[in-house]
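The values are calculated or read from the model by the stated rules, or taken from the named source; none is laboratory data. What you see is a predicted model, and the numbers here were worked out from it, not measured in a lab. Reconstructed Cβ throughout: ideal geometry from the backbone, glycine too, with neighbour counts over all protein chains shown. Accessible surface areas use protein heavy atoms only, side chains included; no ligands, DNA or RNA. Shrake-Rupley method; radii C 1.70, N 1.55, O 1.52, S 1.80 Å.
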Amino acid sequence: MRDETIQIMCNPFYGEPFKRDGETLIGAATGKRYPIRDGIPVILEPSVNRRQTWYSQLAHEMLAFAYDPILRLGDKIKINTEKIVRVSVIQNLEVKPGEKVLETAIGSGVNIPYLPDHGDYYGVDLSYPLLRRAQKKLAANFPNLELFQADGAYLPFRDDTFDQVFNMGGIQFYADPFRGVSEMARVARPGTTITVIDEISGAIRTLKRLPAHRRYSISEEKALEGIIHLVPHSMQEKACTMIPDTDFYQLTFKKPDFLTTQQL
């Protein structure tokens, strides 16, 4: 982990900056210590790691060794449509040289090769084994990639940091999807468009477990309408549509140009 990365980080549980002591990050106010493991900061607090989040983390860690082969096989025999999404959406994200780009729920980093190598990339995931796979396979072509083991609902970054923020395939696994989407908005710079991509079946499952939004889980069409309600009210240009020829929806919204964090 580069020392300059610490300047854009903060403790998401206590709102404090970090200082570095060897392979440890220390909260400047609380003195709370978080390890840096193989260059990957581990910013987790068991007290706020809900049961569903823990189950999701465990499942992804157990399947980490097979994650990439399963994706490649699915693309080859055409039983999934993820490659279409990556070519039609991820590859078309306009990343300018030097821009800071955050992917939450980065997994093993399968989306990063679809992006230009001139950006500064940051990835967050709950699964350490998946992050290590991403680190090993992407280090040569993306030396400016920084990885963090953290909960997407508690992003370890300062407000208004990233030029682009996106998530593909992870929102359905968040214990608190409202907080996950709000955190993406918080760390984005004003004027940034945030992109959330997920399976429409995942949207239906997510809406079913949210009592006030369960009525939107009756069909794919209603789910597209309902998933927009995950977005903070202060955001602009909210839209949710199906990605053609896939099983995925794309939710986009813009953080207003002049919006303070207190207004989110």
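Things worth noting here:
- The residues of segment 93-222 expose, per residue, 36 Å² of accessible area to a 1.4 Å probe.
- Between E237 and Y14, residue separation times 0.36 nm minus the direct Cα-Cα distance comes to 77.1 nm.
- Shape call, segment 163-264: gyration tensor on alpha carbons, a/c limit 1.5: prolate
- Using a probe of 1.4 Å on the protein chains alone, the accessible area found for D257 is around 80 Å².
- Estimated at the nearest 10 Å², the accessible area of V95 is 10 Å² with a 1.4 Å probe.
- Count Lys and Arg as plus one, Asp and Glu as minus one, and take only other residues whose Cβ is under 14 Å from that of C240; the net charge is then -3.
- Considering only segment 128-264, percent of DSSP beta bridges that pair antiparallel, nearest 5: 70
- With every protein chain in place, segment 160-218: carbon and sulfur % of accessible area (1.4 Å): 51
- A straight chain from I6 to K136 at 0.36 nm per residue would run longer than the Cα-Cα distance by 44.6 nm.
- Accessible carbon and sulfur surface of segment 85-125 relative to its total accessible area, %, 1.4 Å: 48
- Our note on the geometry: Cα centres of segment 101-151 and segment 215-237, 28 Å apart.
- Each peptide in 233-244, 119-130 receives the mean, over its residues, of other Cβ atoms within 10 Å, and ordering these scores from highest gives 119-130, 233-244.
- Once the 1.4 Å probe is applied to the protein heavy atoms, segment 1-51 comes out at 55 Å² accessible per residue.
- Burial ranking of peptide ranges 166-174, 212-220, 81-89 (average Cβ count within 10 Å, highest at the top): 166-174, 81-89, 212-220
- In this view, the solvent-accessible surface of E183, computed with a 1.4 Å probe and all protein chains in place, comes to about 20 Å².
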